[in-house]
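So the structure is just underneath, and the comments pick up after that.
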Amino acid sequence: MRARIATGSVGAGCVVALAFSSGGYFPSEWGLVTLAFLLVVLAVVLLADRVEIGRPGLVLLTALAALGLWQLASALWSAAVGPPVTEAERTLVYLAAAAALLLCLTRATVPALLEGIAAGVTIVAVYALGTRLAPGLLGGAYDPSSGYQLAKPIGYWNALGLLVVFGLVLA
């Protein structure tokens, strides 16, 4: 029971934390997210009696690592070094997240993770709606330059809409 509650809480917390840091879109947010996932991986490797990742999980991790290495290698022939390195950093976030999920999730805790993600999406959507229904009380003053779209907390209304659709599908 505690594992289900912890898994759901982590799922909700990840969604809410990423949403309030501009949806994790900008590279400045990737470092802390990557560090958090890598700390989870380190904790599992150090504390678990037995670490087991199946063949599909190893294929996923190998493919993500190969993609990141290819992105770094493409900096050699790229006109600008910045974009390939930035994409490799984004792939490192995906690799760390996949490793943490593969090490921590079991068949029993997957439903709790999905429920937690749906709860996190609900929290973000309610906050976004609250910024429109009570401007100034929640989330600062109303920004007339963005029209009347629900851009906060992610910063882009289509991204918020997509997140809500994913939450509806999970729910």
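Selection of region 26-52 for residues being open to solvent by less than 50 Å² (accessible area, probe 1.4 Å) and among the β-branched types (Val, Ile, Thr) yields Val33, Thr34, Val41, Val44.
Pairs meeting the criteria (first residue in region 147-168 and farther than 15 Å from Val16 by Cα, second residue modelled with pLDDT under 90 and of a type in the set (Gly, Ala, Ser), beta carbons under 7 Å, at least 6 apart or on different chains) are Leu150/Ala128; Trp157/Ala151.
Residues Gly23, Gly57, Gly8: which one is surrounded by 15 or more Cβ atoms within 10 Å (Cβ to Cβ), among the small types (Gly, Ala, Ser) and at pLDDT 90 or above? I'd like the intermediate steps shown before the answer.
Numbers: Gly23 fails: at pLDDT 90 or above; Gly8 fails: at pLDDT 90 or above.
One residue alone meets the criteria, Gly57.
For region 60-70, a tally of residues being loosely packed, with under 13 Cβ neighbours inside 10 Å and either of a type outside the set (A, V, I, L, M, F, W, C) or farther than 17 Å from Val93 by Cα (or both) returns 1. The helices (runs of 4 or more DSSP H) falling completely within region 10-112 that include 1 or more residues that are of a type in the set (Asp, Glu) and in contact (Cβ under 8 Å) with a residue 60 or more places away in the chain map to 82-104.
The values are calculated or read from the model by the stated rules, or taken from the named source; none is laboratory data. If you're wondering where the values come from, they're calculated on a predicted model, not measured in any experiment. No Cβ is skipped: glycine too gets one built from the backbone with ideal geometry, and neighbour counts run over all protein chains shown. Heavy atoms of the whole protein, side chains included, go into the accessibility calculation; ligands, DNA and RNA do not. Shrake-Rupley method; radii C 1.70, N 1.55, O 1.52, S 1.80 Å.
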